[in-house]
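In what follows, a structure is listed as structure tokens, so that the remarks can point back to it.
The values are calculated or read from the model by the stated rules, or taken from the named source; none is laboratory data. In this text the structure is predicted, and so the values were computed from the model without any measurement. When we count neighbours, we look across all protein chains shown, and the Cβ atoms used for this are built from the backbone with ideal geometry, even at glycine.
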Amino acid sequence: MRLGLLALSFLLAILCLVLPASGADQAQSAAAQVTVTAVTLDPEVFIAGDTGTITVEVMNNGSQSVAVRRATLVDPDIRVLSQAYDTSMYLGAGNSMRFTFTVMADVPEGIYYPAFSLDFRDAGYLRYPVKLQVQDQRLEVSVLDKPETFSAGKKDTVDILVGNPRDNAVNGVVVYAAGEGIDATPTSYFIGMLPVDGSQKVSFSVTPRRSTTLEIHVDYKNGLNAHSEVVRIPVVIGESKLQADPILSNIQVNLEAGTYTITGDVTNAGLEVANAVVITSGPGTVPTDPYQSYVVGSLKPDDFSSFEITFTAENATSVPVLATYKDNDGNLYTRQTLIGIPASGSAARQEAGSSLPVLALVVVLAAVTGAVIWYSWRKR
Amino acid sequence: MFPSLSDLLIRPERFFAARAAEAPDFRIPAIIVLCGAAISAAAAFMMSDLYAQMFAGAAIGGMGTFLGAISAVSAFVGFIIIWWLVMAGVFFLISMVFDGKGAFQRTLVNVGYGLLPLVIGSVFTLALTLYYMPRVVVPSVRNLQDPSAIQQAILGLMHDPAMREFTQISGIITIIFLIWAANIWIFGVRQARELTLRNAAITVLIPVVISIAYTVFTLVFGVPVPGGT
């Protein structure tokens with residue numbers, strides 16, 4: 001009887017030792033079915049200093065639920081701003097669960113692997129390194145075309161190309177031009193999302209009032225992080241190389257009753273259209289009818305037209321002739337040409353007055369006549 | 001000895017006294033008058049070239065030739081009529097106040113002789129015309145339909161410095177030789193109309209002074225242009 005009790009006790013002891021060991025094995029095998037199925041980074045690629053999120057999705061592929069005690073994300077360089085998941089929970093069979101962590105990549109450019117760790121209550125833990133890329137390359141802003149010289153009050157076009165050389169798309173891209181003394185249209189240009197290796201051309205009509213600096217701003221978002229790029233273009237006010245250039249030629253000057261008539265051709269030697277071309281005489285002259293001024297109208301590049309103006313001028317050997325015209329924006333330009341004219345008064349008077357021999361002849365004739373008359377009366 | 005043309009110029013009383021007994025002979029006076037008329041016609045023709053230039057802008061073909069012909073004929077006829085016939089007629093009429101007795105033919109002949117200084121003066125005037133004309137800046141008229149433009153052009157020509165100087169000097173020369181001619185006319189009219197020297201001088205000087213006064217007036221105030229200022 002005593003022998004039987006000993007054998008039963010031994011059997012129970014064996015069972016006590018063996019049964020717990022088989023439960024732990026089951027938990028281990030169940031935890032082994034939990035895998036990371038997806039990792040999502042927002043933004044996909046960080047810029048140094050960016051704040052973003054890392055979402056890790058795990059799934060229980062087994063037939064038993066698994067007790068989870070803690071989920072953490074750790075890295076010696078990347079700062080994890082959010083708390084760890086410390087609440088015990090069960091991940092049911094066939095279920096998945098997401099763990100999102102807020103991180104700040106205040107690190108130099110490079111690739112980092114913060115470790116996602118999922119601790120099981122009844123088993124070990126799942127450790128998964130997450131790839132996090134930090135790229136410092138910003139959006140590329142290129143000036144495709146701009147006038148070499150700006151003209152005050154004249155509208156010129158500046159073409160901008162915004163390119164994305166990064167390994168991820170950026171969104172919320174807005175381009176706008178700014179600068180003191182500058183009017184730009186459109187005031188801003190919304191591009192939206194710029195994909196990887198994508199680019200977008202933007203044109204601004206810029207009207208400067210003085211020499212200044214044109215700033216092209218490009219604002220965009222990388223995930224939640226706002227970024228901005230600026231390109232500065234010096235705006236130097238001067239004479240445009242393309243602007244219209246009315247040249248006067250084939251000039252003929254006639255003097256009619258003290259009124260000068262200048263006829264000739266005006267040719268647009270510039271590369272832009274000259275609108276509302278008007279020819280008139282300049283300072284020092286008095287424009288007279290019938291052609292106080294001559295309206296030529298519009299002249300395309302290389303076009304020419306004849307003109308005729310009438311004016312009076314005193315004591316002048318040359319007079320300025322003004323060719324005024326407007327560009328497409330209505331800005332008024334004036335080109336002055338000096339034209340030599342024959343003297344109308346003083347010079348001609350000086351030439352005519354230099355006839356002293358004629359006056360001497362008159363005096364001699366008067367003397368001879370007087371002498372003859374005196375003689376005829378004396379010798380009657 | 002028969003008096004020569006030099007006697008006519010410097011001793012006119014002796015010249016006309018020697019011819020008083022002869023019948024009036026128109027040949028030499030006519031030659032003198034025709035020479036004077038021809039020279040005046042030549043000068044007028046040259047002057048008309050200025051007007052031809054003025055209207056050249058109006059592109060009227062033959063305008064210059066037409067103007068020249070009209071001017072030359074007018075000057076030729078005008079010289080004969082005004083300086084010879086009219087002057088002789090005026091002298092004849094005025095001398096009637098002083099009981100002048102001679103025939104009109106004699107007056108006409110003697111007045112013709114007296115035009116010799118004016119012919120000489122015309123030569124000088126012609127030379128001055130050649131001297132001054134190239135210096136004149138001639139306005140041009142482009143539109144004959146515009147009277148104001150024509151008037152302005154004529155005023156411009158008149159006010160041209162060279163033109164004004166030519167007008168003044170030629171006027172003075174005309175006055176000088178007119179005085180010389182008047183001196184000859186006094187003795188010619190005296191012989192032709194059998195007047196006293198005083199009455200002959202009055203007869204001649206009345207129209208001559210009026211003529212000189214008109215010439216001086218035009219020299220000072222210019223030739224009035226219709227519509228001009």
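A few comments on the model shown:
- Residue that is farthest from A:N171 (Cα to Cα), among those in region A:230-247 that are touching a Phe, Trp or Tyr at 6+ places or on another chain (Cβ under 8 Å) and surrounded by fewer than 18 Cβ atoms within 10 Å (Cβ to Cβ): A:G238
- Any helices (runs of 4 or more DSSP H) falling wholly within region B:5-124 and containing at least 1 residues that are hydroxyl-bearing (S, T, Y): B:5-10, B:27-54, B:63-78, B:87-97, B:104-114
- Unique residue being at pLDDT 85 or above, in a loop (DSSP other than H, G, I, E, B) and charged (D, E, K, R) when the list is A:D302, A:D329: A:D302
- In region B:133-143, residue surrounded by the most Cβ atoms within 10 Å (Cβ to Cβ) [restricted to those that are over 16 Å from A:T259 (Cβ atoms) and more than 8 Å from chain A (Cβ to nearest Cβ)]: B:V136
- Qualifying residue in region B:178-187 (condition: over 23 Å from B:L85 (Cα atoms) and facing chain A (nearest Cβ under 9 Å)): no
- Wholly enclosed strands (runs of 3 or more DSSP E) of region A:108-213 bearing at least 1 residues of a type in the set (G, A, S): A:110-112, A:115-120, A:140-145, A:156-163, A:170-178, A:182-185, A:188-194, A:199-208
- Of everything in region B:144-176 that is within 7 Å of chain A (Cβ to nearest Cβ) and within 19 Å of the chain's Cα centre (by Cα), the residue that is modelled with the lowest pLDDT is B:E165.
- Odd one out for B:M96, checked against (1) surrounded by fewer than 21 Cβ atoms within 10 Å (Cβ to Cβ); (2) at pLDDT 90 or above; (3) within 8 Å of chain A (Cβ to nearest Cβ): (3)
- Against the list (1) buried (at least 17 other Cβ atoms within 10 Å of the Cβ); (2) free of Cβ contacts under 8 Å to residues at least 40 places away in the same chain; (3) polar (S, T, N, Q), the condition B:S4 fails is (1).
- Residues in region A:369-380 that are surrounded by 13 or more Cβ atoms within 10 Å (Cβ to Cβ) and more than 7 Å from chain B (Cβ to nearest Cβ) were compared, and the one that is farthest from the chain's Cα centre (by Cα) is A:W377.
- Qualifying positions in region B:99-128 - within 12 Å of chain A (Cβ to nearest Cβ) and among the hydroxyl-bearing types (S, T, Y): B:T125
- Residue match in region A:134-144 (condition: over 33 Å from the mean Cα position of the chain (by Cα) and crowded, with 16+ Cβ neighbours inside 10 Å): no
- Selection from region B:18-51 of residues that are within 14 Å of chain A (Cβ to nearest Cβ) and at pLDDT 90 or above: none
- Count - residues of region A:221-268 that are within 14 Å of another protein chain (Cβ to nearest Cβ), free of Cβ contacts under 8 Å to residues at least 60 places away in the same chain, not in a loop (DSSP other than H, G, I, E, B) and not hydroxyl-bearing (S, T, Y): 3
- Output for region B:187-201, where each listed residue is closer than 20 Å to B:Y113 by Cβ and touching a residue at least 24 places away in the same chain (Cβ under 8 Å): B:F187, B:G188, B:V189, B:R190, B:Q191, B:A192, B:R193, B:E194, B:L195, B:N199, B:A200
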